[in-house]
Amino acid sequence: MATLKLDKHFDPDRCRHYVNNNLTVLHCHHYATLFTQLALDAQDLVNGTKLLYETSEDIFYKALTDYYKDNGVTDQAEKTELAKEMFSSFGLGKIEAGTLDEKGGSLEMPVAYLDQGWLQKWGKYNSPVNFIGAGYIAAMFSAVFDKPVRSYKVEEQESKVTGASKTVLQVTV
Amino acid sequence: MAIDRSKVIEQMSKVSVEANPDGLIPAFNVLINAFPADFWNTFTYKMVDAVNEDIKDAVEELFVNAAHECGYHTGYGIITSKEWDAIVKPMVENTEDVLHGAYAVFTAWGWGKAEIAELTPGEKMVVRVEDYYESDIKDHFSGAKADRMMAYMIRGVSGAFMDLAYGGDYDPAGESGLYTFECEQTKGIETGDSYGEFVVKKRNDA
């Protein structure tokens with residue numbers, strides 16, 4: 001089974017960092033959680049959480065599919081394992097696969113970056129906040145099963161930010 | 001100024017941040033993420049585009065505030081880190097050097113090629129930035145030119161850097177010091193200028 005290869009390089013002329021040809025920047029949990037809060041606070045004006053989820057889905061779908069293509073990865077089991085590793089490489093936490101097939105499934109995150117950052121910054125919240133992580137999972141299913149984005153819907157059934165021991169996400173077509 | 005900017009950029013750009021077995025990247029007293037830059041630009045573009053004209057300014061300020069708070073806490077984490085102590089601190093002679101060093105680290109992190117153009121200690125700072133990743137937001141607009149200046153992250157971080165330099169002792173709760181200064185963007189690559197320009201001054205109510 002292949003392991004994730006991260007080709008990191010810094011362009012000294014443009015002073016930009018690239019990981020596997022993706023322009024990459026570092027930010028902190030304050031930034032990520034405040035973006036999430038902004039999305040939540042804007043719900044009366046615009047569906048901010050949907051925009052955040054879909055942005056995540058689109059961006060990470062491209063990262064995954066580009067990686068599979070550039071590295072000749074076609075086996076679904078291998079694509080799944082690489083997607084889990086890539087999730088962690090972004091600092092998003094840890095995915096443990098529960099059930100996963102072309103019709104959907106259930107995944108667990110024993111560690112979820114957005115929840116961890118939110119808890120550290122503000123403590124518990126009464127509803128899910130991991131729209132970025134959920135968008136990644138939607139991207140992952142589409143990329144693994146060769147479907148376009150928006151093929152899957154991801155909903156958090158349990159969330160660490162509300163006090164659960166782990167985050168559980170349900171994926172449906 | 002005693003900061004060797006090229007040396008700081010060269011050495012700080014090599015600092016590696018890797019995920020731990022939990023898939024988290026704890027560094028500089030914060031939890032780091034390493035997303036594609038277009039993640040931040042795409043969401044920013046979508047949110048500003050989605051809201052009505054009369055509240056775009058308010059949404060923009062939320063993005064600036066997110067960066068201001070991030071810059072305050074992460075900035076403090078950086079200037080008290082072992083990497084800073086090893087590479088930058090030996091060059092620092094005064095508070096102004098800390099600011100110059102901070103912008104060299106800002107550049108090393110890939111946020112943009114940023115340098116202080118003018119500094120009145122405790123009062124005003126002008127920063128010029130070339131090739132900042134936020135300027136790539138222009139590619140989301142027809143004609144590859146934004147209809148407004150959108151380097152909210154640089155605005156927020158610049159305000160935060162002045163807070164850390166001249167806003168009093170660092171407050172982890174962010175209840176004092178943070179938001180002593182505010183930053184306005186006066187030029188933008190995304191709107192057609194050759195560089196971004198950011199002017200930081202004390203807030204009127206500070």
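The values are calculated or read from the model by the stated rules, or taken from the named source; none is laboratory data. What you are looking at is a predicted structure, and each value in this text was computed from that prediction instead of being measured. All Cβ positions, glycine included, derive from the backbone under ideal geometry; neighbour counts span all protein chains shown. Note: accessible area is taken over every heavy atom of the protein model, side chains too, but ligands, DNA and RNA are not part of it. Shrake-Rupley method; radii C 1.70, N 1.55, O 1.52, S 1.80 Å.
For the reader, a short list of remarks on this structure follows.
Yes or no, residue by residue, for (1) out of contact with any helix residue (DSSP H, G or I) (no Cβ under 8 Å at 6 or more places or on another chain); (2) in a loop (DSSP other than H, G, I, E, B); (3) without any contact (Cβ under 8 Å) to a residue 60 or more places away in the chain; (4) more than 17 Å from residue B:42 (Cα to Cα):
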{"position": "B:143", "(1), (2), (3), (4)": "yes, no, yes, no"}
{"position": "B:163", "(1), (2), (3), (4)": "no, no, no, yes"}
{"position": "B:169", "(1), (2), (3), (4)": "yes, yes, yes, yes"}
{"position": "B:176", "(1), (2), (3), (4)": "yes, yes, yes, yes"}
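- Taking each residue of segment B:73-93 that is touching a residue at least 12 places away in the same chain (Cβ under 8 Å) and looking for partners that are in a helix (DSSP H, G or I) and open to solvent by 50 Å² or more (accessible area, probe 1.4 Å) with beta-carbon atoms closer than 6 Å, six or more apart or interchain, yields B:87/B:11.
- Cβ separations smaller than 9 Å between residues 6+ apart or across chains give the following pairs from segment A:46-62 residues that are in contact (Cβ under 8 Å) with a residue 12 or more places away in the chain to residues that are open to solvent by 20 Å² or more (accessible area, probe 1.4 Å) and of a type in the set (Lys, Arg): A:51/B:46; A:52/B:46; A:54/A:150; A:54/B:46; A:55/B:46; A:57/A:150.
- Note on segment A:14-29: residues that are facing chain B (nearest Cβ under 9 Å) and either open to solvent by less than 20 Å² (accessible area, probe 1.4 Å) or in a loop (DSSP other than H, G, I, E, B) (or both) amount to 8.
- Taking the listed residues B:116, B:78, B:32, the one that is in contact with a Leu (Cβ under 8 Å, 6 or more places away or on another chain), closer than 25 Å to residue A:14 by Cα, more than 7 Å from every other protein chain (Cβ to nearest Cβ) and not hydroxyl-bearing (Ser, Thr, Tyr) is B:116, with no other qualifying.
- Unique match (being at pLDDT 95 or above, within 26 Å of residue B:14 (Cβ to Cβ) and surrounded by fewer than 15 Cβ atoms within 10 Å (Cβ to Cβ)) among A:66, A:7: A:66
- Residue B:65 being more than 8 Å from chain A (Cβ to nearest Cβ) and either open to solvent by 10 Å² or more (accessible area, probe 1.4 Å) or more than 23 Å from residue A:112 (Cβ to Cβ) (or both): no
- Filtered by the rule that a residue be open to solvent by 10 Å² or more (accessible area, probe 1.4 Å) and either out of contact with any helix residue (DSSP H, G or I) (no Cβ under 8 Å at 6 or more places or on another chain) or within 15 Å of residue B:153 (Cα to Cα) (or both), segment B:110-122 gives B:111, B:113, B:117, B:118, B:120.
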